Each structure stands twice: as C-alpha cells, then as structure tokens.
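**Student:** Can you read through this structure? Questions will come right after.
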Amino acid sequence: MSRLTHVGSGPYAPPAAARELTALSADGARLHVEVHGPDGAPAVVLAHGWTCSTAFWAAQIRELSADHRVIAYDQRGHGRTPASPVCSTEALADDLEAVLTATLGPGERAVIAGHSMGGMTVMAAATRPAFRAHAAAVLLCSTGSSRLVAESTVLPLRPGRLRTWLTGRVLGSRAPLGPVTPLARRILRYATMGPASAPDMVEACARIVHACPRAVRHSWSHVLDRLDLDDGVRQLRVPVEIVAGAADRLTPPVHARAIAAALPDCVGVTELPGVGHMTPVEAPGQVTRRIRDLAAAHIHAAPAEESA
C-alpha cells in the first residue's frame, strides 16, 4: 500500500512552509499549523474538509503566499494533527479559535476560507469571540449546513428514505480505502469530482483522501450525518462569498443556495459548471482569485473595534 500522503510534484504538490507550529485547542488537542508567505502581509486562514489535509490547499498556498501570509492547519485526526476521541462541531470551532489565537495578532483580521467540513467549521465558530475578533470575510467552498446525507446524490436513486439510508451506510463505511489504484481513482472521481477533472487533479485528491485513517474518516462521518449548523449560518456577520460545483454530488448546489438565502451578508454565489466537490483543486484559479479579492476588499476595511 502506498504511503504517499500527497503528490510530490506539479501544481498540487504542497510547498514548504515558512514555519510550522502547534496550536493547543480547548481540550488539549494539538493542531499542526503551517504559515506561508511574508510576515505583515494580509492574512488568509485555510480550513480543509473531511478526509483531507493542508496539502489540499497546495495550489492556493503557492499562489497566495507571494503576497499574503497564508495559514493552513490540519483538522484533528487529519494530516499531521493526531486523532482525538472528541469529534464534534464544537471541537471544530474550538480548533479554529485556537489557530486564530496562535497565529494572528490582537485586532488582526484575516479572510477565512473553508472547504466542505472546513466551511462547517466556520459556521460552527460564527459566534466565538476569536472568530468575531479576527474574521474580516469568509469564503465557503462546496459545503452545507444540514441535511448532508439526505441531499447527497452520490447514489443515483430517487430522493427519499432509502437513498438517505444507503448513502449514510456508504459515507460512514469502516472499510479501508486501500492503495491508490486506477479503480480507486475512478471511484473517487465519480463521488467527489467533476467528470472532466484532469488526471493530475484526481491523483492529488486520491493521495490525500486515501491517507486519511479509516477510523478518523468513520468517526467524522457521524458528525456530518447529524450536522445542523443552520443557526451558525445566520450568525455569520461578516461578508461571505460562496463557491459551489454544479456537478457536486456530496454537497450539491442546493446547499449553497440555502446558505446564501440565510446569510446576513452574502456578497456572491458562484456555481462552477462541470466542477464537483473538490473546488479548490478542480478550479484552483477561481477559488484563489476569490480569496484574493476578499482580502483586498475587506481586510483593511474591517476595524478591530467591530469585534466588541
């Protein structure tokens, strides 16, 4: 079985961090954090999704770190952050708060981008003091706030209880993913990516997803199955932009539209034709550009006293 946790070359190979640190969460969980780019530059914080790692953001880190300070961290149990017996949306919010506190100075604002479970992390943290003190704007990529299993179209069945039950069994499976083989790549592309995804995109995602320990994958699947962060969406009181893949089977665009309708300050929704769930990998330029535009528009325009 391959031990590669990410690709080693090409646009999706993760660049070396300028520095690494450990952020300590509220329950003692130790979070692996990477900082890229020049000190003093506008800050961007990246939160990855279920079964992924900081390597998922390689394309964004490489481009943005030229003139931004890019902070990426591994969710608990993912990448280089050890697994924890605690898996909950509260823990996700605790972890984001810990990362913000460890990496940003008093009153320093950042654009926070979350993909999938990373977007759910942002919703869970919406009322937290550290989030409100440091968030200038948010980008939500390919995410949802509730009804994830019921709305998933991974299984080509009519909506209803049977599809929901079967989808829950598939997404919550304890089965090992095994090595990255041609069949594994085809399955992963079908479930998580658009049909026209280039081979290097599929390979990059396969290496990352297959590196996630199956016990971690299974534990977090229960959290996603029971997810209800609709109130968190309504509490996001910063400018929020949404990017969704029109061909996303895991979090179809119905989620993006529902979130947009509930947000106090939605500044845009983009549905990308032919793109699946892995938007930062499948459409790296468009995701990076939106992060960059949010930073230019909001970081210096958000005074620290607004967090009071």
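**Student:** Relative contact order for the range 71-142: what percent, with Cα pairs under 8 Å and sequence separation of 6 or more?
**Tutor:** Reported as a whole number, the value is 33 percent.
**Student:** While we're on this one: Counting each DSSP H run of 4 or more residues in the chain as -39500 (n - 2.57), what helix-only mean residue ellipticity at 222 nm follows after dividing by all residues, to the nearest 500 deg cm²/dmol?
**Tutor:** On the way: 13 runs with 120 residues, N = 308.
After summing the helix terms and dividing by residue count, I get -11000 deg cm²/dmol.
**Student:** Could you state the accessible area per residue of the chain in Å², with a 1.4 Å probe and every protein chain left in place? Walk me through the numbers on the way to the answer.
**Tutor:** Details: 12840 Å² over 308 residues.
I get 42 Å² per residue for the chain.
**Student:** If amide H atoms are built 1.01 Å from N in the plane of the peptide, which residues on other chains or at least 5 residues away come under 5 Å of the amide H of residue 77?
**Tutor:** Result for residue 77 returns 83, 84.
**Student:** Can you give the extra length, in nm with one decimal, that the chain gains between residue 271 and residue 173 once fully stretched, where that is 0.36 nm per residue apart less the Cα-Cα distance?
**Tutor:** 32.3 nm is the gain from fully extending residue 271 to residue 173.
**Student:** Residues with amide H under 5 Å of residue 45's amide H, sequence separation 5 or more or different chain, H placed in the peptide plane at 1.01 Å from N; which?
**Tutor:** Correct list: 71, 111, 112, 113.
**Student:** Zone of residue 30 (label point 7 Å along Cα→Cβ, backbone N under 18 Å): which residues in the range 73-91?
**Tutor:** Under 18 Å, as judged by backbone N against the label point of residue 30, lie 73-86 of the range 73-91.
**Student:** With all protein chains present, how much of the accessible area of the chain (probe radius 1.4 Å) comes from carbon and sulfur, to the nearest whole percent?
**Tutor:** 55 percent
**Student:** In the range 104-177, which trypsin sites (Lys or Arg not before Pro) fall in coil by DSSP and have 14 or fewer other Cβ atoms within 10 Å?
**Tutor:** 174
**Student:** Here is a further query. From the phi angles alone, apply the Karplus equation (6.51, -1.76, 1.60; θ = phi - 60°) to the range 291-297 and give each ³J(HN,Hα) in whole Hz, x where the residue is Gly or Pro.
**Tutor:** So the Karplus estimates, Gly and Pro as x, are 4, 4, 5, 5, 5, 5, 7 Hz.
**Student:** ³J(HN,Hα) across the range 75-80 via Karplus (A = 6.51, B = -1.76, C = 1.60, θ = phi - 60°), whole Hz, x for Gly/Pro?
**Tutor:** Whole-Hz 3J(HN,Hα) from phi for the range 75-80: 4, 4, x, 10, x, 9.
**Student:** Compute the long axis of helix 253-262 from its Cα atoms, compare it with the longest principal axis of the Cα atoms of the chain, and write down the angle in degrees, 0 to 90, nearest 10.
**Tutor:** The two axes meet at around 30 degrees.
**Student:** In degrees between 0 and 90, to the nearest 10, how far off the longest principal axis of the chain does helix 161-171 point, with axes built from Cα atoms?
**Tutor:** 70 degrees
**Student:** I've got another one for you. Could you estimate the translational diffusion coefficient of the range 209-308 from the Stokes-Einstein equation, with Rh from the Kirkwood formula over C-alpha pairs, at 20 °C and 1.002 mPa s, in whole µm²/s?
**Tutor:** For the chosen part, D equals 137 µm²/s.
**Student:** Averaging sequence separations of C-alpha pairs under 8 Å and six or more residues apart, then dividing by the length of the chain, give the relative contact order as a whole percent.
**Tutor:** 22 percent
**Student:** Which peptide among 272-285, 178-191 comes first, and what is the full order, when sorted by highest mean count of other Cβ atoms within 10 Å?
**Tutor:** Descending mean neighbour count gives 272-285, 178-191.
**Student:** Please work out whether the range 7-165 counts as rounded, prolate or oblate from its C-alpha gyration tensor, where a ≥ b ≥ c are the square roots of the eigenvalues and a/c under 1.5 means rounded, while otherwise a/b larger than b/c means prolate and anything else oblate?
**Tutor:** prolate
**Student:** Right, next: Counting only DSSP beta bridges with both residues in the chain, what percent are antiparallel, rounded to the nearest 5?
**Tutor:** Expressed as a percentage, antiparallel bridges in the chain total about 30.
**Student:** Quick check on the range 135-279: take the gyration tensor over C-alpha atoms, sort the square-rooted eigenvalues as a ≥ b ≥ c, and tell me if it's rounded (a/c under 1.5), prolate or oblate. Numbers along the way, then the final one.
**Tutor:** Values: a/c = 1.74, a/b = 1.42, b/c = 1.22.
Here the range 135-279 falls in the prolate category.
**Student:** Right, here's the next one. Of 297, 164, 26, which is farthest towards the positive pole of the chain's charge dipole, taken about the Cα centre with +1 and -1 on the beta-carbons of Lys, Arg and Asp, Glu respectively?
**Tutor:** Checking the options against the dipole of the chain, the answer is 164.
**Student:** Sort the range 21-73 into rounded, prolate or oblate with this rule: let a ≥ b ≥ c be the square roots of the eigenvalues of the Cα gyration tensor; rounded if a/c is under 1.5, and if a/c is not under 1.5, prolate when a/b is larger than b/c, oblate otherwise.
**Tutor:** Values: a/c = 2.88, a/b = 1.43, b/c = 2.01.
In terms of gyration-tensor shape, oblate.
**Student:** With charges set only on the Cβ (+1 for Lys and Arg, -1 for Asp and Glu), what does the dipole of the range 11-85 come to about its Cα centre, in debye to the nearest 20?
**Tutor:** Details: 6 positive and 7 negative charges, 29 e Å.
About 140 debye.
**Student:** What list of ³J(HN,Hα) values in whole Hz, one per residue of the range 231-243 in order, does the Karplus curve 6.51 cos²θ - 1.76 cosθ + 1.60 (θ = phi - 60°) give from phi, with Gly and Pro shown as x?
**Tutor:** Values per residue, Gly and Pro as x: 5, x, 4, 5, 8, 6, 9, 10, x, 10, 10, 10, 10 Hz.
The values are calculated or read from the model by the stated rules, or taken from the named source; none is laboratory data. Everything numeric in this text was worked out from a predicted model, so none of it was measured. Positions of Cβ are backbone-derived with ideal geometry, glycine not excepted, and every protein chain shown enters the neighbour counts. Side chains included, ligands, DNA and RNA excluded: accessible areas come from the protein's heavy atoms. Shrake-Rupley method; radii C 1.70, N 1.55, O 1.52, S 1.80 Å.
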